[in-house]
Structure formats: C-alpha cells, structure tokens
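Student: I have a structure I would like to understand better, so I am pasting it below and will then ask my questions one at a time.
The values are calculated or read from the model by the stated rules, or taken from the named source; none is laboratory data. Everything numeric in this text was worked out from a predicted model, so none of it was measured. Methodologically, a virtual Cβ is constructed for each residue, glycine included, from the backbone with ideal geometry; neighbour enumeration extends over all protein chains shown.
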Amino acid sequence: MPSLKEVKTRIASVNSTRKITSAMKMVASSKLRRAQQAIEQMRPYEERLNSIMATFLKNMQGEVASPYAVTREVKRVVLVAYSSNSSLCGGFNSNVIKELRKAVEAYRAAGVEVVRIYPLGRKVFDAMRKDGFSDLTDYSAVLNHPAYAPVVKVASEIMQMYVRGEIDKAEILYHHFKSSSTQVLRHEDFLPVSLDVQEEEGAQASALDYIVEPSPAEILTELIPKALHLKLYAAMLDSLASEHAARVIAMQVATDNADELLRDLTLQYNKSRQQAITNELLDLAGGAMQ
C-alpha cells in the first residue's frame with residue numbers, strides 16, 4: 001500500500017490536472033459559441049445561393065455548361081482535409097487522418113495519382129508529412145484567424161488546376177457540425193460540380209420566376225465559382241465548430257474522470273491515515289500495559 005505522503009502527492013497532482021481540464025473546457029465552450037454563431041449565420045446565405053442556382057438550372061432545362069462540371073476519367077485527384085492545430089479534442093483529428101489515409105490508399109490501389117493534398121490544420125499537415133508527402137503547404141494559420149479570402153485563394157488554385165486539366169477530381173474531408181454533441185465526418189466531392197437538380201429543389205425552383213440580366217447563363221457562370229468558394233469556407237467553419245465541440249466533450253470527460261479519481265484517492269488516504277492512527281494507538285496501549 002502506498003504511503004500517506006505518496007497518496008497526498010498524487011491527490012495534489014490530480015487536483016492540479018483537474019483545474020487545467022476544467023479551464024480548457026470553459027475556453028473551448030466560449031470558442032464554440034462564437035464558431036456556432038458563425039456557421040449558423042453563414043448557412044442561410046449558402047442555402048439561398050444554392051436555391052438560386054437550382055432555379056436557374058431548372059429554367060434553363062440543361063442548356064448550361066461549365067468548365068467546372070466537365071467530367072473526365074479520374075487519373076489525378078486532389079484532396080482537401082480539415083483538422084485542428086492543437087490536440088486534446090478526442091478522436092477529432094485521428095478520424096480525419098484515418099479517412100484521408102484510407103482515401104489515398106484506395107486511389108493508389110486503383111492506379112490514380114494523388115497529385116496534391118491541401119492540409120488545413122497542423123495535425124493533418126504533420127501526419128501527411130510523416131507519410132512521405134513532400135509537396136505540402138502549411139495552412140494552419142488560416143484556422144487561427146478564420147477569414148474568407150485565404151480559403152478563396154485555396155479554392156481558386158484547385159479550380160484553376162481542374163480547368164487546365166492538371167487534375168480530374170477534387171474531394172474534401174471535414175467534420176460537419178450537427179450539434180454540440182454530434183459531429184459527422186464527411187467525405188464530399190468538390191470538383192466536378194453537379195448540375196443536376198434534385199426533384200424537391202426543382203419543385204421549389206419552378207415556383208420562382210427571376211428576371212435577370214444579362215442572361216441566366218452568364219449569371220450562373222458567376223454563381224458556380226462563388227458556390228465553390230463558399231463550399232470550402234463553409235467546410236472550414238463546420239470543422240472549427242466541430243473541433244471546439246469535440247474539445248468541450250473531451251475536457252468534460254477528463255474532468256469527470258479526475259473527480260472520480262480524487263474521490264478514490266481521498267478515500268484511500270483516509271483509510272491509510274486511519275490505519276496509521278490505529279497502529280499508533282495500539283503501540284501506545286501496548287506500551288502502557290507493560
């Protein structure tokens with residue numbers, strides 16, 4: 001059985017760790033509120049933009065063409081993966097990295113070249129560098145101060161590569177913020193874009209009648225790049241909100257575990273202390289009887 005001093009030292013250590021995890025939980029909760037507000041304020045704009053595009057596509061009856069919608073045989077792909085810059089957020093980073101490695105292995109097995117990986121987050125950047133990807137750019141600074149312009153730069157670079165025929169497909173991997181307790185890992189296509197209108201979208205679109213100038217085709221030519229830019233930006237906001245939510249949960253679990261460990265250690269300390277007092281009393285009683 002450990003001595004009283006050892007148990008007391010461990011209680012102090014666990015209590016110190018508990019203070020850290022509790023503080024980190026409060027910080028993550030504050031960041032989560034801001035990130036949640038950002039993604040909730042952006043989603044109506046994204047939904048409205050998609051609705052306008054659906055309306056134009058429905059009215060044009062498939063007459064529109066876009067260089068970003070051209071489908072080719074997939075021989076070269078680009079992958080965009082979102083992670084966090086720091087740890088202590090449960091399986092948030094490991095799930096993204098695992099899915100990214102799985103996608104890379106699947107493409108290599110199919111004879112498809114992974115031209116480049118865009119790691120938006122230090123954790124996925126470090127993981128891919130360890131896997132042997134040398135042509136990597138560290139975009140971790142983008143997550144420290146989320147802004148639209150840096151993400152547009154990344155999206156534009158990928159779109160230009162696609163138009164020039166340097167790649168045949170682009171995909172994104174990120175966590176979708178569904179609620180504070182639920183984050184869903186998504187693996188979606190970025191390019192080529194789909195110009196097919198869903199039936200429910202078409203039903204809503206048919207009830208609308210926009211008057212546009214100079215023409216729906218030219219307006220749609222402007223809308224598609226904006227929608228692609230917005231998709232990467234929305235994925236970043238989703239990922240940030242999911243990261244903070246995952247960290248809140250992880251720190252809450254760590255704090256609860258620390259509380260339980262403190263209860264066990266305190267009980268052990270009291271038992272050891274009571275045993276030591278009992279032994280001393282027995283020694284005193286035995287000495288008095290002699």
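Student: Checking Pro214 against (1) assigned to a helix (DSSP H, G or I); (2) surrounded by fewer than 12 Cβ atoms within 10 Å (Cβ to Cβ); (3) at pLDDT 70 or above, which single condition isn't satisfied?
Tutor: It fails just one condition, (1).
Student: Moving on. Assess whether Ile39 counts as being part of a helix (DSSP H, G or I), modelled with pLDDT under 90 and surrounded by 15 or more Cβ atoms within 10 Å (Cβ to Cβ).
Tutor: Spelling it out, Ile39 is indeed part of a helix (DSSP H, G or I), modelled with pLDDT under 90 and surrounded by 15 or more Cβ atoms within 10 Å (Cβ to Cβ).
Student: Could you check, for the range 261-280, whether at least one of its residues is touching a helix residue (DSSP H, G or I) at 6+ places or on another chain (Cβ under 7 Å), loosely packed, with under 14 Cβ neighbours inside 10 Å, basic (Lys, Arg) and in a helix (DSSP H, G or I)?
Tutor: Among the residues of the range 261-280, at least one is touching a helix residue (DSSP H, G or I) at 6+ places or on another chain (Cβ under 7 Å), loosely packed, with under 14 Cβ neighbours inside 10 Å, basic (Lys, Arg) and in a helix (DSSP H, G or I), which makes the answer yes.
Student: Can you find a residue in the range 159-175 that is hydroxyl-bearing (Ser, Thr, Tyr), out of contact with any Lys or Arg (no Cβ under 9 Å at 6 or more places or on another chain) and on the phi < 0 side of the Ramachandran plot?
Tutor: no
Student: Go through the range 156-187 and give me each residue that's under 20 Å from Met128 (Cα atoms) and crowded, with 17+ Cβ neighbours inside 10 Å.
Tutor: Ile158, Ile167, Lys169, Ala170, Glu171, Ile172, Leu173, Tyr174, His175
Student: Another question, if that's okay. May I ask you to list the residues in the range 158-183 that are part of a strand (DSSP E or B) and either within 14 Å of Val114 (Cα to Cα) or basic (Lys, Arg) (or both)?
Tutor: Residues satisfying the conditions are Lys169, Ala170, Glu171, Ile172, Lys178.
Student: In the range 100-108, is there at least one residue being more than 23 Å from Arg164 (Cα to Cα), under 15 Å from the mean Cα position of the chain (by Cα) and part of a helix (DSSP H, G or I)?
Tutor: Scanning the range 100-108 turns up at least one residue that is more than 23 Å from Arg164 (Cα to Cα), under 15 Å from the mean Cα position of the chain (by Cα) and part of a helix (DSSP H, G or I).
Student: Tell me yes or no: at least one residue of the range 144-157 is assigned to a loop (DSSP other than H, G, I, E, B), at pLDDT 90 or above and not polar (S, T, N, Q).
Tutor: No, because not a single residue in the range 144-157 is assigned to a loop (DSSP other than H, G, I, E, B), at pLDDT 90 or above and not polar (S, T, N, Q).
Student: I would also like to ask the following. Got a sec? Which of Val74, Val80, Val96 is at pLDDT 90 or above and in a loop (DSSP other than H, G, I, E, B)?
Tutor: Answer to the selection: Val74.
Student: Tell me whether the range 7-16 contains one or more residues that are of a type in the set (A, V, I, L, M, F, W, C), in a helix (DSSP H, G or I), touching a His at 6+ places or on another chain (Cβ under 9 Å) and surrounded by 14 or more Cβ atoms within 10 Å (Cβ to Cβ).
Tutor: no
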